[in-house]
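Asker: First the structure, then my questions, so here it is.
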Amino acid sequence: MKKISLLLALLLVLLLASCGKSATAETTTEKETAPTVAAETAGFTLDDVLKANDVKTLVSAYGGVSATRYENDEAVSETYYFMYAGKIVSTTCATGKDGEKTYSCTVDNESYKKVGDRLQFSYNVDAQKKPSKAYLFGDAVSAQMLEGKIDRYEEPDKDSWCFELHDADGDDGVSCRCTVLKKSFILKQIDWDYGDGSTAKVEIKHGADVQTKEFGLLDGFAKDLRTVTCVCTMHDKQGKESEKTLKVQVPYNVEPVWESASDVTVYLDKGLTKAYKYPGNGEKDYTVYVTDAKG
């Protein structure tokens, strides 16, 4: 799990408004804890929060949503959720420790990463992937954490609930504190504590507060698609051969990356003599041949 340091100065300001903490420019006081509230009083569960933060629901209601992560007083990644060409999308720009930026996006739950002049996505030839439900909450909190439970409810102010989650395994010291709007359970902020002195923060904004960014990732999804055909030849444990043909429609600048649980090789010809090389961006359809045969 990536460890991200807390944006201290900005957190002090935000805590004044959202979670009832006190601080001044001259002095630093002990962190105050809001009174614990019984689960019955709070009247919501983790499942309620998940449903409220479904990406389709949020985008339909607000038009745009952003989630920004901070490290060492700097934003290390920014993600935007919105509609584009009739599809629910997200775009992300992440900045590494060396200052290098990487870009990725999702379109209708399919994930793409920018590599050179194109986008790549993984396609498993063993079984076609089924899109998963897109939760904003799930993007910000690990699947393992979502299998855990709410350990503490707090009421920091009249408009918000705060609650704490701990890892399902409960043995690594990791926890996160989530702040949601009281009436809708929509996430405002997530504060991580990794149990070793390192922390992270994710700020979430909605609607008029968000100016979405495409990062030049999406233009192909508004244009005609081309067809990439994959002829897949595989062998079972007894050596019996089977063949199937897969077809996927992609934008002009998207390259499917063919994967399998088996060790496979990709070719550009039926005779399996021409090693695969990306044919390049464009409108022309093309065919690849994937096999687990050796030699």
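What follows is calculated from the coordinates using simple rules that are stated; it is not laboratory data. Only a predicted model underlies this, so the values are computations on that prediction, with no experimental measurement involved. Glycine also receives a Cβ, built like all others from the backbone with ideal geometry; neighbour counts cover every protein chain displayed.
Asker: Determine, for Tyr112, Tyr286, Tyr252, the number of other Cβ atoms within 10 Å of each Cβ, and report the residues in order from fewest to most.
Answerer: Fewest to most other Cβ atoms nearby, the residues stand as Tyr286, Tyr252, Tyr112.
Asker: Right, here's the next one. Just want the ordering: Lys183, Lys201, from fewest to most Cβ atoms lying within 10 Å of their own Cβ.
Answerer: The most exposed by this proxy come first: Lys183, Lys201.
Asker: Sticking with this structure for a sec: Provide the percentage of antiparallel DSSP beta bridges, counting only those with both residues in the range 223-291; round to the nearest 5.
Answerer: So the antiparallel bridges amount to about 70 percent of the total.
Asker: Could you please rank Ser111, Ser262, placing first whichever residue has the fewest other Cβ atoms within 10 Å of its Cβ?
Answerer: Ser262, Ser111
Asker: Next up: For the range 69-118, count the residues as N, evaluate 2.2 N^0.38 Å, and divide the Cα radius of gyration by that value, please.
Answerer: Against the compact-globule rule of thumb, the ratio is 1.27.
Asker: Can you compute the FRET efficiency between Lys56 and Ser111 using 1/(1 + (r/R0)^6), with r the Cβ-Cβ distance and R0 = 22 Å? Round to the nearest 0.05.
Answerer: For Lys56 and Ser111, the calculated efficiency is 0.85.
Asker: Now, a different point. Rounded to two decimals, what is the ratio between the C-alpha radius of gyration of the range 223-291 and 2.2 N^0.38 Å?
Answerer: 1.18
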